[in-house]
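S.K.: Here it is, the structure in full.
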Amino acid sequence: MKVASVVGTRPQFVKAAALSPEIRRRAEEVLIHTGQHYDEEMSRVFFDALHIPEPNYDLGIGSGSHGEQTGRMLAAVEEILEKEKPDSVLVYGDTNSTLAGALAAAKLHIPVGHVEAGLRSHNRSMPEEINRIMVDHISTLLFAPTRIAVENLKREGVEKGVHLVGDVMYDLAMRFASSSKSRETLRAMGLESKGYLLTTVHRAGNTDDRNNLEAIVEALKECGRPVVFPIHPRTAKAIRVARISFQRSGGNVMRIKPVDYPTFISLLTGAEKVVTDSGGVQKEAYFFGIPCITLREETEWPETVEAGWNILVGARKRAILKAIREFEPKGKPAMAFGDGHAAERIAAIVVGG
Ligand code: UD1
Ligand code: UDP
């Protein structure tokens, strides 16, 4: 059996790192990298640090408007699928690479497996929400990470092919939970355990809105703690274009390039709190019991909020500062993301089915 997997962005490399070895134990895998993310620190470092097999095809599509980028990926993926004739195509998450991969396959009548099916933010102004809805409705196998994801699909009339399997990011995170790597990383960066915040920002709603971006940066500058900020290239560009300044911050915001996954997990597990608009990082904070302050008004991971470990503050400076000072979850996060064997389950279903 031949399975083609389509990846293209940072979170997809992370998810493929969990699933690809399980597919390869059972079938032939053709790995297609669309090239949506291409900077060394957004792509190559993940293949190296996570030992992801080299892509069989690197399409080099790069950046562009949604239509242009997705259209070019669609044409390029279609060409490969016609040549390789896989029995099944796997796509991950909710990016333009996910949509292009799923659409190319569905039009060629190749069954599509969607990893992270059923997530909804219920905010259709997010490009990711459109991608999720479209992909779920053309997939043959829908791998839901949570019960809520299964319910979301049911509400839209999608029940056939849905499998509640757990979360592949949880599978991977559990393998990188070593505190010795964390201690080493913190020492090298001059940080004290629980003595800093870790922040990431890249959501269009924050980077493309000057007021939002400025409010977030101002809150970080004023929070009175060291902040480690690995800056996504989209955000770095937006900060430059909007001429948002980190001056007068007393130097508390440590701006660095995006880091590889093991380094990021080390920074996460050592942090007092996480301040983010990332989908994956909200979840990872939950896995490790790190309080998460989410710079959005809604989330596709409501379990984390309901459990009391994630708070939605949008891009409101005062709300962000209040949460940084006062948000203190109690107890331990209840496990809602499976048992660490989601990837095995998915691979068995894809190859067996
Ligand atoms: C994409 C996904 C988003 C996901 C995120 C993960 C879509 C619509 N968005 O957002 O769902 O959460 O990846 O990080 O698919 N850029 C570089 N170098 C790179 C990549 C991007 O400089 O290697 C810059 C370019 O200026 C580009 C901008 O970032 O225009 C946005 O990149 P793009 O891939 O379109 O979207 P992301 O914001 O990364
Ligand atoms: N990540 C990383 N280095 C960083 C920032 C994030 O390795 O500098 C990892 C993080 O651990 C998570 C994934 O990237 O596994 C999340 O990607 P991102 O936030 O870009 O996308 P989203 O999950 O929001 O789609």
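S.K.: Is there a residue being crowded, with 20+ Cβ neighbours inside 10 Å and either of a type in the set (Lys, Arg) or within 12 Å of ligand 2 (Cβ to nearest atom) (or both) anywhere in the stretch 242-258?
M.R.: Taking every residue of the stretch 242-258 in turn, at least one turns out to be crowded, with 20+ Cβ neighbours inside 10 Å and either of a type in the set (Lys, Arg) or within 12 Å of ligand 2 (Cβ to nearest atom) (or both).
S.K.: In this structure, is residue 120 under 17 Å from the mean Cα position of the chain (by Cα), in contact (Cβ under 8 Å) with a residue 12 or more places away in the chain and more than 24 Å from residue 38 (Cβ to Cβ)? Reasoning before the result, please.
M.R.: Numbers: under 17 Å from the mean Cα position of the chain (by Cα): yes; in contact (Cβ under 8 Å) with a residue 12 or more places away in the chain: yes; more than 24 Å from residue 38 (Cβ to Cβ): yes.
Yes; evaluated as a whole, the condition is true for this residue.
S.K.: Then there is this: Of the residues that sit in the stretch 265-289 and are surrounded by 21 or more Cβ atoms within 10 Å (Cβ to Cβ) and free of Cβ contacts under 8 Å to residues at least 60 places away in the same chain, which one is farthest from ligand 2 (Cβ to nearest atom)?
M.R.: 286
S.K.: Given the structure, is residue 62 within 13 Å of ligand 1 (Cβ to nearest atom), of a type outside the set (Lys, Arg) and surrounded by fewer than 22 Cβ atoms within 10 Å (Cβ to Cβ)?
M.R.: Spelling it out, residue 62 is indeed within 13 Å of ligand 1 (Cβ to nearest atom), of a type outside the set (Lys, Arg) and surrounded by fewer than 22 Cβ atoms within 10 Å (Cβ to Cβ).
S.K.: Then there is this: Name the residues in the stretch 308-324 that are closer than 13 Å to residue 336 by Cβ and either under 20 Å from the mean Cα position of the chain (by Cα) or at pLDDT below 95 (or both), would you?
M.R.: The answer is 309, 310.
S.K.: Next question, about the same structure. In the stretch 248-261, is there at least one residue being part of a helix (DSSP H, G or I) and free of Cβ contacts under 8 Å to residues at least 24 places away in the same chain?
M.R.: no
S.K.: Which of the residues that make up the stretch 260-294 are of a type in the set (A, V, I, L, M) and away from ligand 1 (no atom under 13 Å from the Cβ)? Write out each step before concluding.
M.R.: Within the stretch 260-294, the subset of a type in the set (A, V, I, L, M) is 265, 267-268, 271, 274-275, 281, 285, 290, 293.
Within the stretch 260-294, 265, 267, 268, 271, 274, 275, 285, 290, 293 qualify.
S.K.: Inside the stretch 288-307, can you point out the residues that are among the acidic types (Asp, Glu) and under 18 Å from the mean Cα position of the chain (by Cα)?
M.R.: To start, the set of residues in the stretch 288-307 that are among the acidic types (Asp, Glu) comprises 297-298, 300, 303, 306.
Within the stretch 288-307, 297, 298, 300, 303 qualify.
S.K.: Here's another thing I want to ask about it. Name every residue in the stretch 223-241 that is within 14 Å of residue 210 (Cα to Cα) and either within 16 Å of ligand 2 (Cβ to nearest atom) or in a strand (DSSP E or B) (or both), in order of residue number.
M.R.: 234, 235, 236, 237, 238, 239
The values are calculated or read from the model by the stated rules, or taken from the named source; none is laboratory data. All figures in this text were calculated on a predicted structure; none of them were measured in a lab. As a convention, Cβ positions derive from the backbone with ideal geometry for all residues, glycine included, and neighbour counts pool all protein chains shown.
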